[in-house]
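Asker: Please see the structure below; I have some questions.
Taken together, the values in this text are just the output of simple stated rules run on the coordinates, not laboratory data. All values derive from a computational prediction rather than experimental measurement. For neighbour counting, all protein chains shown are included, and Cβ atoms are generated from backbone atoms with ideal geometry for every residue, glycine included.
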Amino acid sequence: MLVILCPNCGPRNSDEFTFQGETRSRPDVNDTEPSEWRRYLYMRENLADWVSERWFHVSGCRRYLMLERHTVTNEIRDVELVGGEQA
Amino acid sequence: MSRSPWPRVWDHHELASSYDVVIIGGGVHGLATAYYLARNHGITNVAVLEKSYIGSGGSGRNTAIVRSNYLTPEGSRFYDRSVKLYERLADDLNFNVMFEQRGHMTLAHSDSSLRTMRWRAEVNKVEGIDSSVISPDAVRELAPFLDTSDHPRYPILGALWHPPGGIIRHDAVVWGYARAANAMGAHIHQETEVTGIELAEGKVAGVHTSRGRIASGTVVNCTAGWASLVAAMAGVELPITTRPLQAAVTEPVRPFLHPVIVSGSLHTYVSQTARGELVFGASVDPFASYSTRGSLEFTTGLANHVLELMPAISNMRLLRQWAGLCDMTPDFGPIIGPTPVEGFFVDVGWGTYGFKAGPVAGEAVADMIANGRPGELIGTFGLDRFEAGTLTAEKGAAAVGH
C-alpha cells in the first residue's frame, strides 16, 4: 500500500489519487516543431531512481501535487502542492 | 525412471571477446530471436545475455495466454502468425510446451463493449482469424460457472469467442527455445548483466557486462521492464513507462473451467491450468514503478471482480500472488526496429502482451537483423512512428483483454 502525505488532507491511500507521470518541461507551443512536440508528448525518461512526478488528489482536495518518489522502492520523500499553498 | 541426474540442456560458456550478434535479455523474445537467427538465417555466433536466470522476467510471470483477436489489421496479422508458430512449436523444438487451444472468451458487459467486439470480430474475419460474437446462451454452454443471470451489476450481454486462443506452459517455451538455440551454437550467458553499451562514431561497437567486454556491431535490446534503462545506455530515448502487473493463483481443484475468460470491464482474466489452479491476472497497477512487490489493493480488488463473474468460487483460497514489469507504450503497440544508433535494434514496449508475441517477434527480429531492415509484418511498429505521429491504435483490444 502506498500512502501519500497530502499537504491539505494528511496521509491518504494512493488510490485516492491519479498518477500523472514524470515531470517534464513543456515546449512553447508557438515556437516548436511537430517532431519536438511529439517528443514531449511521448518520450519518457522512465528512471529507476528518485523521480519528480505529478499526482492529482481526485477523491480528496482535488489539488495537483508534485512529489519525489523512488521508482524501485516506492518511497516518497517530498510532497508539495502545485502552485504553492495559496493557489 | 533413471535415478541418474538429468543432463544439462544448455551449456555453460566462457564469455567470448566478440559475437556477430548480442541479444540483451534471456526471455522468450531474446531466446526466440537467437533460435530463428540460427534456424532461418544460419547466424549462430550469437550471445544471449541475461542478468538473472533465463525466463526470470516477464516470460516467467505472465498468465500464459495466447490469442490473436486484436483490433487493428496489423495487430491481428502479427499475433495470428504467433499463434501459428505456437501451434507447431512443440514439434519444432522437440519440447512439450503444453499448448492447449481451449478457446478465449472476452465478455461484454455493456452495449459499447459489445459494439467493439463486433468490430474486432469483423477485422479478425477479414484476416482469416476464427473470431465471432456469441450470445449469453452460448456463453453459458461454454462456461457454466459464469453468472449469466440478468441481475448482476455487470450482466453478460455476449462475448467475443476466439477458439484458437488458449494457454501454454510459459517456462517450457523459454526452455525449449534455449535448448534449441544452444544446440545450434548460440551462447546463453545467465547471470551476465549489461552495464554499458559502447558506441564508436554513432555505431554500436560492443557491450560491457558484469563479466567483461564483448565486441559486436549488432546489439538487440530484448528486455522488458528495463528497456528504457538499457536503451539509455546507447543514448536512445523510448516512449515507455514501466508499470507492474499483478497476478495470482489459487489452490488446485478439479477441472471445471475450460476456456480462458476475460472481462475488460472487471479488469480481470482467468484460466484453469492443467494442474487445476485458477490463474488470475489484472490490468497494470495505477502508477509507474519498478517494484514487483504485491499489494493488498490488488488482492481485494481481484476477489471482488472475480466473484462478480463466478460467485461459486468464493471459498477457494489464493496460494500466491506476484508481479511482473510491463513496458507500456502510448499506443499499446510494441516497438520493433532500428534506432538512431546504427547496429542497435529494439524489440521492446511489449506492455502486457509480450509473451503471446514471443515466437513472431523472434522470427521478425531475426529476419530484420539478417536482412538489415524490418519486414512487412512489423513495418508499422518502428520507433520512428512516435516522432512522425503515425501511432497504431491497439488500446481497444490490448489494454486488459488477455
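Asker: If Lys and Arg each add +1 and Asp and Glu each add -1, what is the summed charge of the other residues whose beta carbon sits under 13 Å from the beta carbon of B:M310?
Answerer: Taking every Cβ under 13 Å from that of B:M310, the sum is -1.
Asker: Treat each spin label as a single point 7 Å out from the Cα along the C-beta direction, and report the B:K125 to B:K203 distance in nm.
Answerer: 5.2
Asker: For a quick check: sort A:C61, A:C6 by the number of other beta carbons within 10 angstrom, fewest at the front.
Answerer: The order, fewest Cβ neighbours first, is A:C61, A:C6.
Asker: Given N residues in the protein assembly as shown, what is Rg(Cα) / (2.2 N^0.38 Å)?
Answerer: Expressed relative to 2.2 N^0.38 Å, the Cα Rg reads 0.99.
Asker: Using 0.36 nm per residue of separation minus the Cα-Cα distance, give me the extension gain between B:A16 and B:R153 in nm, one decimal.
Answerer: The span from B:A16 to B:R153 would gain 43.3 nm if fully extended.
Asker: Please report, in Å, the Rg and the Dmax of chain A, where both are computed over Cα atoms only.
Answerer: 14.5, 43
Asker: Next question. Semi-axes of region B:121-226's equivalent ellipsoid from the Cα gyration tensor, sqrt of 5 times each eigenvalue, largest first, rounded to whole Å?
Answerer: Equivalent-ellipsoid dimensions as semi-axes: 48, 17, 16 Å.
Asker: Using only the alpha carbon atoms of chain B, find the Kirkwood hydrodynamic radius as the inverse mean reciprocal pair distance, in angstroms to one decimal.
Answerer: It works out to 21.6 Å.
Asker: If you only keep lysine pairs separated by 8 or more in sequence, or across chains, how many in the protein assembly as shown come under 27 Å at the Cα atoms?
Answerer: Lysine pairs, 8 or more places apart or on different chains, close enough: 8.
Asker: If we count other beta carbons within 10 Å of each Cβ, what is the order of B:L71, B:L160, A:L41, B:L238, fewest first?
Answerer: Placing the least packed residue first, the sequence is A:L41, B:L71, B:L238, B:L160.
Asker: Related question: Treat each spin label as a single point 7 Å out from the Cα along the C-beta direction, and report the A:S59 to B:N315 distance in nm.
Answerer: 3.2
Asker: Here's a follow-up. Taking K and R as +1 and D and E as -1, what net charge do the other residues with C-beta under 11 Å from the C-beta of B:A64 add up to?
Answerer: That works out to +1.
Asker: Quick one: net charge of A:R44's neighbours, Cβ under 9 Å, K/R +1, D/E -1?
Answerer: Surrounding charge for A:R44 is -2.
Asker: What is region B:1-68 by shape, rounded, prolate or oblate, if you read a ≥ b ≥ c off the alpha carbon gyration tensor as root eigenvalues and call it rounded for a/c under 1.5, prolate for a/b larger than b/c, and oblate otherwise?
Answerer: Oblate shape, in that a/c is at least 1.5 and b/c is the bigger or equal ratio.
Asker: Can you sort B:V9, B:V66 by how many other beta carbons sit within 10 Å, fewest first?
Answerer: B:V9, B:V66
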